[in-house]
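Below is one structure, written out as structure tokens, with a few remarks after it.
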Ligand SMILES: CC(C)(COP(=O)(O)OP(=O)(O)OC[C@H]1O[C@@H](n2cnc3c(N)ncnc32)[C@H](O)[C@@H]1OP(=O)(O)O)[C@@H](O)C(=O)NCCC(=O)NCCS
Ligand SMILES: CC(C)(COP(=O)(O)OP(=O)(O)OC[C@H]1O[C@@H](n2cnc3c(N)ncnc32)[C@H](O)[C@@H]1OP(=O)(O)O)[C@@H](O)C(=O)NCCC(=O)NCCS
């Protein structure tokens with residue numbers, strides 16, 4: 001059985017049920033699991049571990065690539081399994097436990113988690129649980145639809161559990177490029193010069209003796225939950241494309257642009273979707289997630305090559321992709337998230353980064369994570385890796401949320417994920433502000449006039465004018481800086 | 001004349017006075033000047049340009065390495081010469097003009113300025129003005145006590161003016177290592193594997209035809225203004241050294257640690273000075289500035305090698321250094337600030353970064369630039385380059401300023417330069433908080449108990465407890481978050 005998927009005969013003896021494998025875990029362990037924005041996550045162990053936690057005292061530190069699918073994060077959180085969770089999540093029940101202070105959530109730049117582990121700034125991984133398509137003759141784990149942090153988890157963990165997912169076609173083999181930087185000191189440059197370079201092996205190396213269990217599963221990734229483009233996201237896309245066209249006209253970019261990164265979520269997907277009607281061609285992507293829009297662009301022929309750490313698609317596209325991997329093989333690569341997001345590589349390639357803000361302020365500081373400044377939405381994800389090191393760092397957002405009761409352009413953001421230094425351009429459905437080379441006071445005028453919703457514009461102008469009377473590089477009236485957020489907390493609307 | 005310093009005879013015809021050279025500038029030009037934290041700045045052109053601006057309409061965009069000495073920034077600001085200034089300054093009169101909104105100051109990560117120029121995100125440099133020790137036979141400019149952005153300014157500028165400073169000894173030749181990354185796409189890895197690698201040439205390449213003027217000067221760099229260690233800075237140093245010793249004991253670091261970076265200012269200098277009494281040996285530095293303390297450690301033999309972009313010393317040390325360059329030659333290198341601060345190199349080497357905060361909040365977000373959240377002090381400098389990419393990012397501060405009227409540990413910083421993600425450790429004279437792997441609520445307890453001044457501790461505890469009742473990953477009461485800053489603004493004291 002499973003000859004094609006478990007190519008070392010001895011390993012087949014390690015097949016067991018998820019319940020049996022779950023018994024390998026002990027209270028207080030640190031666990032590294034595959035899974036990145038719902039792709040390539042483990043399908044069986046999360047439920048089996050949650051079940052154990054319901055029966056007995058079992059609390060774990062769970063480290064993943066990014067968010068998990070299949071309600072796994074919620075299931076594990078509700079069972080009380082998760083003492084600590086890093087570096088990203090996007091689950092409603094886990095989010096509640098985090099904001100209630102029951103789960104300690106460590107929000108991290110996605111390129112940094114394994115660096116922190118490798119440098120012993122975090123406790124070591126006891127068990128790695130990795131979804132795989134196959135285990136090769138020479139002890140290689142072939143990941144499925146994401147790579148995430150799996151290669152480093154396997155390298156560092158005392159024990160490895162494989163979830164062999166029969167639903168994932170063997171054709172995925174060869175899509176991955178596994179390169180792991182060495183410990184320091186003594187590290188050498190990452191030899192990546194182009195988005196389509198292959199610099200590592202096709203599988204994750206593992207000493208078979210460390211494989212403690214193989215659990216066979218058969219289920220699909222959860223579909224992505226992005227909404228279709230609407231008038232506003234189309235307007236945002238329009239502004240971004242007009243801006244990039246201007247850069248091409250001015251000779252600062254060629255029609256192939258530079259490698260694109262697009263963040264998670266509906267708006268970033270819509271911007272990329274908008275490129276279908278753009279004059280750009282010969283495009284490349286160097287991103288962390290590929291959403292539906294990336295495949296639309298691969299299909300249209302505008303996108304030559306896409307590099308990422310995971311593929312997160314709608315249900316229909318996911319099915320088609322798994323059936324037609326061959327069609328994309330030569331134009332696709334999946335890498336460890338440390339490499340897809342690595343400052344060294346991003347700075348070298350010169351990325352155009354498009355990420356989504358919950359809100360930004362009149363000076364261009366961005367909050368992507370904390371609703372109301374306090375409550376975690378998802379996490380910073382890779383947005384910091386890309387924004388800091390990009391050639392152009394673009395943040396997009398609708399100008400209002402909650403049917404206009406919240407302005408996403410505010411006097412001061414109550415939580416900063418990206419400082420003004422790392423934000424070159426902001427855009428809403430109303431327009432785009434090109435902030436390059438501008439001082440804070442100049443940024444404010446542009447942001448207010450181009451990006452804020454007209455309902456909120458006059459009050460922003462007033463705030464800025466009054467603040468300027470007090471002087472400063474970045475004028476503010478601290479006693480009023482969060483008055484809009486306070487208004488919303490009390491009256492459920494930021495409108496005066 | 002100047003045979004030893006101007007080694008192409010034709011070039012000697014280009015010698016002129018500073019006043020003559022100043023006539024090459026036209027209103028609205030973008031000018032790149034050498035100078036990094038007072039070292040290697042131009043001594044004559046700033047005054048000559050200021051003089052012209054007093055007589056006629058002349059406004060420039062001035063881009064430097066970092067801050068200038070000799071009151072040049074103040075002189076130029078007061079003369080109305082500076083329309084725009086980037087990426088850093090540390091001058092009282094310029095600071096005032098910036099905070100009054102008269103000079104547009106663009107505060108930048110020091111590794112990024114030339115990247116922004118190279119990528120055409122900023123207007124091109126019209127004239128570069130570079131202090132030099134000599135011009136070589138084959139058209140190389142030998143910089144003096146800093147490299148800063150000079151190499152890229154020369155590469156990009158239409159015209160180059162050299163300030164040949166006779167006070168700077170020829171023995172400085174050979175100390176510099178000039179490497180400039182190529183434009184994108186097509187850039188290759190920076191081949192730096194160790195702090196003492198030399199990867200470029202000893203001089204800045206220039207086509208002599210682009211040299212428009214040579215101005216001969218004869219004056220020293222301004223001395224650094226750091227204060228000697230006091231009880232508090234010594235206590236801070238003690239906590240940092242104890243922490244690092246703990247890392248060595250735990251086997252996470254060797255006694256050679258990892259390459260050290262220490263920020264500008266009195267406190268960072270004191271921490272490094274404290275290493276003189278530490279058990280560490282075989283140390284290296286990969287920093288942007290070398291202050292007195294670095295030379296003390298070179299002299300004591302504890303520091304094997306120091307790499308930086310500038311050397312900024314007290315008056316006595318400056319003199320000795322210039323007389324005894326030979327003594328240090330094999331253990332010192334000066335690089336472009338893009339390379340001393342480059343994310344690629346920093347991440348590869350794994351730096352221990354020690355920078356100074358004006359204030360930090362209970363969650364570990366750091367303000368290094370904006371007094372009261374609004375008024376620029378100096379600028380972010382290289383602190384972001386190092387903090388983001390370090391193996392260990394340490395921020396130090398005295399727990400109070402202005403004789404206790406200001407707490408440097410606050411509920412929320414009113415300006416964020418470094419987010420909690422980029423801050424591993426904070427320390428004041430009271431103690432050190434090791435924040436690695438901790439969630440915000442855990443960070444708060446440690447920061448309050450270990451770092452805050454006892455006079456402010458109870459109120460911080462109260463704020464945190466009350467905020468937690470409202471929930472959230474990062475609990476806050478926005479209406480009170482800046483109440484301490486408001487109190488100070490109104491009553492000149494944060495004390496209740
Ligand atoms: C910011 C982020 C949450 C936006 O996601 P999105 O799907 O594009 O955006 P939406 O407009 O659907 O907003 C999501 C939710 O935030 C709410 N929201 C938007 N702006 C808000 C604001 N200023 N204040 C409060 N809530 C806001 C929306 O109402 C919506 O709420 P709902 O889920 O209750 O309907 C998402 O991009 C994210 O998590 N980013 C951080 C990580 C990241 O950038 N990774 C990039 C590299 S992959
Ligand atoms: C933050 C910084 C100003 C501290 O400098 P320093 O010389 O070590 O520190 P000092 O304690 O002497 O403080 C400098 C001034 O800030 C004031 N200050 C300190 N904390 C303050 C606070 N929380 N609020 C207001 N003012 C404060 C001090 O009173 C002092 O004022 P004075 O000049 O009127 O006496 C300096 O390190 C800096 O500019 N950093 C940003 C750039 C950087 O980090 N570069 C690092 C790579 S080189």
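Every number here is computed from the coordinates shown, using simple stated rules; none is lab data. If you're wondering where the values come from, they're calculated on a predicted model, not measured in any experiment. Cβ placement follows ideal geometry from the backbone for every residue including glycine, while neighbour counts extend to all protein chains displayed.
Each principal axis of the Cα cloud of chain B was taken in turn, and the coordinate range along them, longest first, works out to 75, 50, 46 Å. Highest average first, the peptides A:477-486, A:121-130 ordered by how many other beta carbon atoms sit within 10 Å of their residues are A:121-130, A:477-486. Taking other Cβ atoms within 10 Å as a rough exposure proxy, B:91, A:218 sort from fewest to most as A:218, B:91. Figure legend: label point modelled 7 angstrom from the Cα of residue A:465 along Cα→Cβ; no residues of the stretch A:353-370 have amide N under 11 Å from it. For the stretch B:9-217, DSSP calls about 25 percent of its internal beta bridges antiparallel. Axis of helix B:231-249 versus longest Cα principal axis of chain B: the two differ by about 80°, to the nearest ten degrees. A Stokes-Einstein calculation at 37 °C with viscosity 0.692 mPa s, built on the Kirkwood radius of the stretch B:231-491 over Cα pairs, returns a diffusion coefficient of 174 µm²/s. Could you tell me how many degrees, from 0 to 90 and to the nearest 10, lie between the Cα long axis of helix B:45-55 and the main elongation axis, the longest principal axis, of the Cα atoms of chain B? Between the helix axis and the principal axis of chain B, the angle is about 90 degrees. The mean number of partner chain beta-carbon atoms within 10 angstrom of a residue's beta-carbon across peptide A:341-352 is 5. Relative to the first principal axis of the alpha-carbon coordinates of chain A, what is the inclination of helix A:440-451, with its axis defined by its Cα atoms, in degrees from 0 to 90 and to the nearest 10? Helix A:440-451 sits roughly 80 degrees off the main axis of chain A. Each of B:402, B:96 was scored by other Cβ atoms within 10 Å of its Cβ. Listed from fewest to most, they are B:402, B:96.
Viscosity 1.567 mPa s, temperature 4 °C: give me the Stokes-Einstein translational D for the stretch A:307-417 in µm²/s, with Rh taken as the Kirkwood radius over C-alpha pairs. Don't jump to the answer; show the numbers that get you there.
Working: Rh = 16.1 Å.
It diffuses with D of about 81 µm²/s by this estimate.
Here each label is just a point 7 Å from Cα along the line to Cβ, and for residue B:242 and residue B:219 those points are 4.7 nm apart.
Out of the DSSP beta bridges found with both residues in the protein assembly as shown, what percent are antiparallel (nearest 5)?
Roughly 30 percent of the DSSP beta bridges within the protein assembly as shown come out antiparallel.
Counts of other chain beta carbons within 10 angstrom of each beta carbon in peptide B:413-419 average 6. Taken over the stretch A:1-149, the alpha-carbon convex hull comes to 112 cubic angstrom per residue.
Computed from the Cβ-Cβ distance with R0 of 56 Å, the FRET efficiency linking residue A:102 to residue B:23 stands at 0.20. Legend: mean number of C-beta atoms from other chains within 10 angstrom of residue C-beta atoms, peptide B:483-491, equals 2.
Exposure proxy shown here: for A:224, B:310, B:368, A:330, the number of other Cβ atoms within 10 Å sets the order, fewest to most, as A:330, A:224, B:368, B:310.
Estimated from helices alone, the mean residue ellipticity of the protein assembly as shown at 222 nm is -8500 deg cm²/dmol (sum of -39500 (n - 2.57) over DSSP H runs with n ≥ 4, per residue).
For residue A:320, the point set 7 Å out from Cα toward Cβ sits 7.3 nm from its twins in the other copies, listed from shortest up.
Inter-label distance, residue A:480 to residue B:227: 3.6 nm, where each label sits 7 Å from its Cα along the C-beta direction.
Its Kirkwood hydrodynamic radius, worked out from the mean inverse distance over all distinct Cα pairs, puts the protein assembly as shown at 29.0 Å.
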